[in-house]
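A short reminder: the numbers here are calculations on the coordinates, not readings from a lab. This one's a predicted model, so the numbers in the text were calculated from it and none came from an experiment.
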Amino acid sequence: MTYYVMNGEGVYPILVIEKEPRLPGGPWYHGHKLEITVPTPLEYVLEVEDEEPDSNIKMLNNSCAKPVMHNSLLEALQSAGVDNLELFPARVTNPNTGEVHEDYQAFNVLGLVSAADLENSTLMNESDSPTLLDTDFDGLVIDEEKTMGFRLFRLAENCSAIVVSEEVKMAIEERGIPGIVFYGPGEWSG
């Protein structure tokens with residue numbers, strides 16, 4: 001089975017999140033259950049220039065410290081058997097129009113898996129040695145035997161990477177969810 005790095009790159013022009021909730025405990029990148037009480041809904045505010053329409057809000061904002069996804073993406077993930085997400089209702093607001101979107105979920109991925117195929121991956125700086133959490137890849141390859149059967153997980157060698165199985169990729173593509181990009185073996189840099 002092939003694994004991919006999933007990223008929410010959006011559909012141009014993209015409205016990005018300018019303000020996200022401030023909570024104790026740092027970013028939700030470490031793959032374990034949160035040990036804090038999370039207020040709901042979590043409030044996010046878009047960065048909007050002039051009178052931009054907000055039709056192109058990202059379906060997946062995974063670069064936030066508290067990542068957020070649209071409910072349609074969550075439904076696709078769940079239909080593909082993803083069951084390792086800690087979820088919190090989220091509200092995304094356009095400060096120019098006052099429009100509020102309540103069809104989003106903040107999420108924490110439960111599962112930090114050391115699955116990089118270091119022999120076949122390319123590091124950004126070849127003199128660097130791989131570390132946990134922040135290895136810089138120029139071309140990441142996943143060792144499928146190390147994925148422990150997870151359909152979605154954060155990569156232990158670079159916790160900003162959300163890795164999904166082929167089944168998850170297909171479930172998202174079948175639904176035509178815009179702005180989600182999948183990087184195959186050797187394609188992802190980060």
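For the reader, a short list of remarks on this structure follows.
- Per-residue [θ]222 nm for the chain (sum of -39500 (n - 2.57) over DSSP H runs n ≥ 4, rounded to 500): -2500 deg cm²/dmol
- Of Arg91, Arg151, Arg22, the residue with the greatest mean-square motion in the GNM of the chain, using alpha carbon springs below 10 Å, is Arg22.
- Length-normalised contact order of the chain in % [C-alpha pairs under 8 Å, at least 6 apart]: 30 percent
- Cα centroid separation - region 139-190 against region 57-124, whole Å: 12 Å
- Among Asn108, Asn96, Asn158, the largest mean-square fluctuation in a Gaussian network model of the chain (Cα springs under 10 Å) belongs to Asn96.
- Restricting attention to the chain, close to 80% of DSSP beta bridges with both partner residues there are antiparallel.
- Remark: the Cα gyration tensor places region 135-190 in the oblate category, a/c being 1.5 or greater and a/b not exceeding b/c.
- Overall dimensions of the chain as given by Cα atoms, namely Rg and Dmax in Å: 16.6, 51
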